[in-house]
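A.B. asks: What follows is a structure written as structure tokens; I'll ask about it next.
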Amino acid sequence: MANHAETDVTPRGKITYFHFVVVALSLMLTLGAWKFSLAQVENRTDLRFAAERDSAIALIMDRMQKYEDALWAGVAAIRSHGGDISHADWNTFAHSLRIEEKYPGINGIGVIHYHTPQSLGPYLAEQRRQRPDYRVHPPHDQPIYMPITYIEPENINIAAIGLDVAHEINRRTAALASRDSGTAQITGPIVLVQDAASTPGFLFYVPFYRDETPGSFDDRQDQFRGAVYAPFVVHKLMEGLLAKELRNIRFSIEDGSETIYDEHSLDAPGADPDPMYTADVPISLYGREWVLHMRTDLSFRQANTYAQPTIILIAGLIVEVLIISVLILMSRANSRAVAYADKVTAELLAEKQKLTVVNSELSRKNDELEQFTYIASHDLKTPIRGISGLTEMIEEDLDDYFAQPKRNPDVRANLRKIHERVRHMDQLTRGILEFSQAGLQNEPPAALSLAETVTAMQSDFGLTADQICLCGDVTEVSVDISNFRRVLENLVGNAVKYHHDVPTLRINLSARRAGNHCEISVSDNGPGIDPKFHNRIFDVFQTLRTSSTKDSTGIGLAIVKKAVGIHGGTVRLTSSPGQGATFSFPWPLAPAFSEADHAA
């Protein structure tokens, strides 16, 4: 019994210990992942708050910049009217801005004129000619006057018309700071006269001068004419700027010691009595220092819950169990996979051997076919010559007949057709012979001068030196020169053959070095080729001319394609109707290195 207990407990102890190690390692990995995800969530939450904070600040700055642009547009409108602007023209300009649509949060846009006691009287007289009830208010003891002359929309800002912003220190200080600096400025906290709720607001000024913006402080004071301004009620500005439903933070704004905007009421929907994040952010804004007191709300807390690490912990345990199970199954399947791989490899090797045999057989048959083509084309020459000679003898025998008045004209016409068919058959057999020989390299290596080749083609095709020219940095080719010459002759011959007016033909042959090969292009100014035929013309016996057209065998471009392809290249055609044609292809500058060369 004791022996039986020992043999029974030992295997179980080893299995339990093994599983314990596996579970312990899995648990360690899962806990590590949980810790890491917890840190990631905290870091991501920090970044989200920073993004929300920075987005709110950037939106305030960007929107204020947009308001400033609108005010400077008003200054530009005044300058365009000679330095001042009428009530009607300002109304037209303000309506063109579409304030309600493009500048939400702004209360209006207006013009303030700057006056001394000496110039105030004429100013009032001028304004009362158009608006008899216009008056400057309230009275004050300052030596300057800065009345609001126009503001649009007028219906909601009627109380501000004629208001002298010099009467109150915050309004006056910012206006004079704008004058002296030549820059946009906002006031400290004020209450707008048109705001029935008497909530905090401010004015936004940009100055305008008699001339362009003066360069010096004294000139700015001397030439100051007034300001284009916009009044703001802060809570309306923020409602148009930062809709609460589109953000997860609440904030208040403090200007100096005064709070001009506050969203921190605990009674407000979504307020978080214990916010996850708070921040006090000072921003410099057009001569004022605002402090934004930011707090996250309940929507931020809900969007950034820490439940994710717990889910990761549970999911990690499940995944670890699954991984262990998969590993066990994979170890059992490994031997079967290896055996199957060996079987497939053996089958692939057998297939490869079969393909090698088939390729060898195809190569042999292809060689036989090319040899047959060569022999057949060569042998056809004799009967073709015989037919041609026989036709000539028949013509000689019928000379007397052709001289008779009652001769049949169709006889001579038919004999000419026979001559034409014989000539065409001779061209076909020559083309087939040339196609079968394309790619064969029986000549010893030698250098082919491109300049001499071009000169020879001028003579062969009856071209002048102006009609075919050579350019590029490659002057000679030494690889497979017979096929290279054959390719050029076919391309130039095609350009001559298909041109509608040979005396106006221009051919450009370019040869430029590109690594270990050269790029050859042959361009002409002929009738061009429709793109739908670009592939077709390289097939044997394919031509864009009718079968009755002279010199049209449809083999020339097939020879070009075959010769270039033997060297691993592809002929590229760029052409469209009426735009000429350019044939381009690569050609090696040095013989290819083969295993046979290496063995030799």
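Values quoted throughout were computed directly from the atomic coordinates according to the rules given, and no laboratory measurement underlies them. As the structure is a computational prediction, the values presented were derived from the model and not from experiment. Here Cβ is always computed from backbone atoms with ideal geometry, including for glycine, and neighbour counts include all displayed protein chains.
A.B. asks: What is the calculated FRET efficiency for His137 to Thr199, with r their C-beta to C-beta distance and R₀ = 35 Å, to the nearest 0.05?
C.D. replies: The calculated FRET efficiency here is 0.95.
A.B. asks: Going through segment 68-136, which trypsin sites (Lys or Arg not before Pro) have at most 16 other Cβ atoms within 10 Å and a DSSP loop state?
C.D. replies: Arg98, Arg135
A.B. asks: Here is a further query. Calculate, in nm to one decimal, what Ser284 and Asn91 gain on full extension: separation in residues at 0.36 nm each, minus their alpha carbon distance. Each step should come with its number before you reach the end.
C.D. replies: On the way: separation 193, 0.36 × 193 = 69.48 nm, distance 3.25 nm.
Length gained between Ser284 and Asn91: 66.2 nm.
A.B. asks: Let me ask something additional. Points 7 angstrom from Cα along the Cβ direction at Leu355 and Ala50: gap in nanometres?
C.D. replies: Modelled inter-label distance: 5.6 nm.
A.B. asks: Would you please give the FRET efficiency between Asp180 and Ser299, computed as 1/(1 + (r/R0)^6) with r the Cβ-Cβ distance and R0 = 35 Å, to the nearest 0.05?
C.D. replies: Computed FRET efficiency for Asp180 and Ser299 comes out at 0.20.
A.B. asks: I'd like the distance between the alpha-carbon centres of segment 477-491 and segment 164-205, rounded to an integer number of Å.
C.D. replies: Segment 477-491 and segment 164-205 have Cα centres spaced 87 Å from each other.
A.B. asks: Something else: Evaluate the distance, in nm, between pseudo-label points positioned 7 Å from the Cα of Glu452 and of Thr574 along their respective Cα→Cβ axes.
C.D. replies: About 3.1 nm, to one decimal.
A.B. asks: Distances longer than 32 Å among the Cα atoms of segment 61-296: what percent of all pairs is that? Mind dumping the intermediate values first?
C.D. replies: On the way: 6119 of 27730 pairs.
Result for the distance tail: 22 percent.
A.B. asks: What does the charge count around Met276 come to, taking other residues whose C-beta lies under 14 Å from its C-beta (Lys +1, Arg +1, Asp -1, Glu -1)?
C.D. replies: With Lys, Arg at +1 and Asp, Glu at -1, the net is 0.
A.B. asks: Measuring from label point to label point, each 7 Å out along Cα→Cβ, what is the Asn516 to Lys417 span in nm?
C.D. replies: Distance between the two pseudo-spin positions: 5.7 nm.
A.B. asks: Hey, which of these cross-link pairs are over 21 Å Cα-Cα: Lys417/Lys532; Lys352/Lys562; Lys417/Lys561; Lys66/Lys236; Lys417/Lys562?
C.D. replies: Pairs exceeding the cut-off: Lys417/Lys532; Lys352/Lys562; Lys417/Lys561; Lys417/Lys562.
A.B. asks: Return the FRET efficiency for the residue pair His264, Val338: r is the Cβ-Cβ distance, R0 is 60 Å, and the value is rounded to the nearest 0.05. Provide the component values of the computation, followed by the final result.
C.D. replies: Numbers: r = 70 Å, r/R0 = 1.16.
For R0 = 60 Å, the calculated efficiency reads 0.30.
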